Amino acid sequence: MPSPMLGMALVVLAATLVRRVFRHRDPALQIRLFSSRDFAVASAAIALSNLAMYSTLLAIPILLSRRTGWTSGEAGLLLAVMSFGMVVCSPIGGRLADRLGRRGPTVAGLSLLALGLVPLALSGSGITTQALLAGLGLMGAGLGLSAAGLQTAALEAVEPKEAGVASGIFSTSRYLGSVVGSGALAGLLGPAGDGASGFAAVFLMAAAAALLSALVGLTLRDKRG
């Protein structure tokens, strides 16, 4: 199916879904939850930050596979730097969100995520291993710091009886960002995953998404636990 026709079909399907949701007395997809500013903000921020994270996670192994001397195991160890930062900083982010409020740690974490992507966006495929390590470490720390504040803000924005549905929609927003990032990555790098300009575009997109997530996070209400 040609892309314009596919786009039109998706628009029609989306409009049909929205119409059905609003007409149903108790729909599984509670779109009305997005009328809450904090829920909408938290969902948008998590979608953007996951777009940044997953497009980077998928692009780096492709980049390293094209360099001489890198094995898949070594690439995995390099990416583990981000996971380590998330593990260490997630409980810290939770404590700070309770003590200082949801907005501060969330914005700080998302800003670190954007900062970690700056060297990748500037260097593209020519980035050094040292810069990659530093960038991934900052990204992991930022994702860890922001996670608790974002999720708590989303659930606090709805009634307790709606917490389950809200959690599901929040998680869907997370995965939506991942899917969009993966799709954009495929389009920018192409089937073979080559081209220096493609990597530069991927990392620039990730940095822009991370920065936008931090700006969106600034509009959260500063509620404390």
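The values are calculated or read from the model by the stated rules, or taken from the named source; none is laboratory data. Everything quoted here is computed from the prediction, not taken from an experiment. Don't worry about glycine lacking a Cβ; one is built from the backbone with ideal geometry, like all the others, and counts go over all protein chains shown.
Give the stretch 51-73 a look and list any residue that's touching a residue at least 60 places away in the same chain (Cβ under 8 Å) and under 12 Å from Met139 (Cβ atoms), or say none.
Ala52, Met53, Tyr54, Ser55, Thr56, Ile60
Look at Ala186 and say whether it is at pLDDT 90 or above and not β-branched (Val, Ile, Thr).
Considered against the rule, which asks whether it is at pLDDT 90 or above and not β-branched (Val, Ile, Thr), Ala186 comes out as no.
Look through Gly137, Gly187 and report the one residue that is farther than 23 Å from Ala40 by Cα, in the same structural domain as Ser55 (by TED's automatic domain parsing) and free of Cβ contacts under 8 Å to residues at least 12 places away in the same chain.
Of Gly137, Gly187, the one residue that is farther than 23 Å from Ala40 by Cα, in the same structural domain as Ser55 (by TED's automatic domain parsing) and free of Cβ contacts under 8 Å to residues at least 12 places away in the same chain is Gly187.
Does Ile60 satisfy being within 17 Å of the chain's Cα centre (by Cα), of a type in the set (Val, Ile, Thr) and in a helix (DSSP H, G or I)?
Yes; evaluated as a whole, the condition is true for this residue.
Does Leu48 meet the test of being out of contact with any Pro (no Cβ under 7 Å at 6 or more places or on another chain) and either surrounded by fewer than 24 Cβ atoms within 10 Å (Cβ to Cβ) or farther than 22 Å from Gly177 by Cα (or both)?
Against the criterion (out of contact with any Pro (no Cβ under 7 Å at 6 or more places or on another chain) and either surrounded by fewer than 24 Cβ atoms within 10 Å (Cβ to Cβ) or farther than 22 Å from Gly177 by Cα (or both)), Leu48 does not qualify.
Step by step: first the residues of the stretch 94-115, then only those that are at pLDDT 95 or above and among the small types (Gly, Ala, Ser), then the one that is surrounded by the most Cβ atoms within 10 Å (Cβ to Cβ). Which residue is that?
Filtering the stretch 94-115 for residues that are at pLDDT 95 or above and among the small types (Gly, Ala, Ser), the one surrounded by the most Cβ atoms within 10 Å (Cβ to Cβ) comes out as Gly109.
For Ala153, work out the one condition from (1) modelled with pLDDT of 85 or more; (2) buried (at least 20 other Cβ atoms within 10 Å of the Cβ); (3) in contact with a Gly (Cβ under 7 Å, 6 or more places away or on another chain) it doesn't fulfil.
The one condition Ala153 does not meet is (3).
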